[in-house]
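Encoded as structure tokens, the structure appears first; notes follow it.
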Amino acid sequence: MFDDVINFVRTLYGKEGDIPLHSPLFIGNEKKYLEECIDSTFVSSAGKFVEQLELKIAHYTDANYAIATSSGTSALHISLLMSGVSQEDEVITQPLTFIATCNAISYCGAKPIFIDVDKDTLGLSPEALQSFLEKNTLVKDYQCINKNTGKIIKACIPMHTFGHSCRISEILEICSKYNITLIEDAAESLGSFYKGRHTGTFGSLGALSFNGNKIITAGGGGCIITNDIKLAKRAKHLTTTAKVSHKWEYNHDMVGYNYRMPNLNAALLLAQLENLEVFLKNKRETALAYEDFFSDKDFHFIKEPENSKSNYWLNTIILKDQKYRDLFLEETNSNGIGTRPIWTLMHKLSIFEKCQRGNLKNSEWLEERVVNIPSSVKAL
Ligand SMILES: Cc1ncc(COP(=O)(O)O)c(C=O)c1O
């Protein structure tokens, strides 16, 4: 039934065997930097690669500061802690996201509130956010109080889904009006821009991920980006066990975390970063080929939204209904083509089913129909 899609993906990747959804590509200085790192013996939490990497990420994203972390999840956790999120607080996010966004909220003891996404960006909808806040909250003493629970809504975490930017400047405006701190889950969107600005730099803090399935990888790793020097210093302190700098003394002035990216991972990532532009160009070509191919079929290909430039991390199509989607997933996967449905929506997981939510009709519509298709950088 889907032979034409299977054949097209095979032609695109020039491959007969299995074609994964996304795999990394190492074509640059990866081995050289890893060897250098091992020879230096600085493979762990200190070393020149971490510092070089932070400078390069800050430069690329045009953020004032970048703090490398052990994962995107730890970057989100620290960002929430620095925004003052604690037990009893609430944090707005979208139900259509990877579990890590909500896990990080839960690590702080806070509760997520789920607000719908837009169908074109797959990210948090500014209209749905505004409407929820208008109906359910009041601002008192510079804090946004949820009238239903009496709790403070401290932060909002929109996510730039599959590398497509959400309407982040509109979201920022709403959050500012309601005194809610904006943290961007930019785990999937290194190389994606909204109105010319890199995703993750609109809010107080942005979190990137360099997990093995991302556009570039450190094996495992993440990064916090911010323009605020105080937050940058605190992030570095909190991610390095809150150790007070001293040549030999062990003094920790608060309970910190072992969330620093190891130098070994930074060495790998630095080499990957050198090829980011090449990867972005290659992925854009793939996306355009898919867009063209799907234009006359029963599928809708998700293009980069208005005012934005996507990294096209994972290409996405929308199928007509769930039954058709399941047939597609079954046939493509059994023919070695790595396709995946979207995550189970967060409010449908037993751990979050009691959380407050707005009307989630777009998320639920998308959950039944969205499929990701092979998106790796093609061999160069
Ligand atoms: C949307 C989103 N948020 C957070 C994360 C967490 O990143 P990590 O796996 O590096 O912890 C990921 C990816 O893994 C993600 O896709």
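Quick note: the coordinates plus some simple rules give every number you see, no bench work behind them. Here the structure is a predicted model, which means the values were calculated and not measured. All Cβ positions, even for glycine, are placed from backbone atoms using ideal geometry, and neighbour counts span all protein chains on display.
Some observations on this one:
- In summary, no strands (runs of 3 or more DSSP E) completely within the stretch 151-223 bear 3 or more residues that are within 16 Å of the ligand (Cβ to nearest atom) and of a type in the set (S, T, N, Q).
- Selected residue (only one of ALA46, ALA68 is buried (at least 16 other Cβ atoms within 10 Å of the Cβ) and not hydroxyl-bearing (Ser, Thr, Tyr)): ALA68
- Cβ-Cβ contacts under 7 Å between residues 6 or more apart (or on different chains), taken from a first residue in the stretch 145-163 that is over 18 Å from CYS108 (Cα atoms) and without any contact (Cβ under 8 Å) to a residue 24 or more places away in the chain to a second residue that is outside any strand (DSSP E or B) and polar (S, T, N, Q), are listed as LYS147/ASN136.
- The residues of the stretch 238-286 that are of a type in the set (Phe, Trp, Tyr) and part of a helix (DSSP H, G or I) amount to a single one, PHE279.
- Test for ASN265: is it more than 16 Å from the ligand (Cβ to nearest atom) and more than 17 Å from SER189 (Cβ to Cβ): no
- Subset of the stretch 305-327 [under 23 Å from the mean Cα position of the chain (by Cα) and in a loop (DSSP other than H, G, I, E, B)]: PRO305, GLU306, ASN307, SER310, ASN311, TYR312, TRP313, LEU314
- Residue among GLY221, GLY206 that alone is touching a Phe, Trp or Tyr at 6+ places or on another chain (Cβ under 6 Å), surrounded by 24 or more Cβ atoms within 10 Å (Cβ to Cβ) and touching a residue at least 60 places away in the same chain (Cβ under 8 Å): GLY221
- Hits in the stretch 288-304 (condition: within 19 Å of the chain's Cα centre (by Cα) and crowded, with 19+ Cβ neighbours inside 10 Å): ILE302, GLU304
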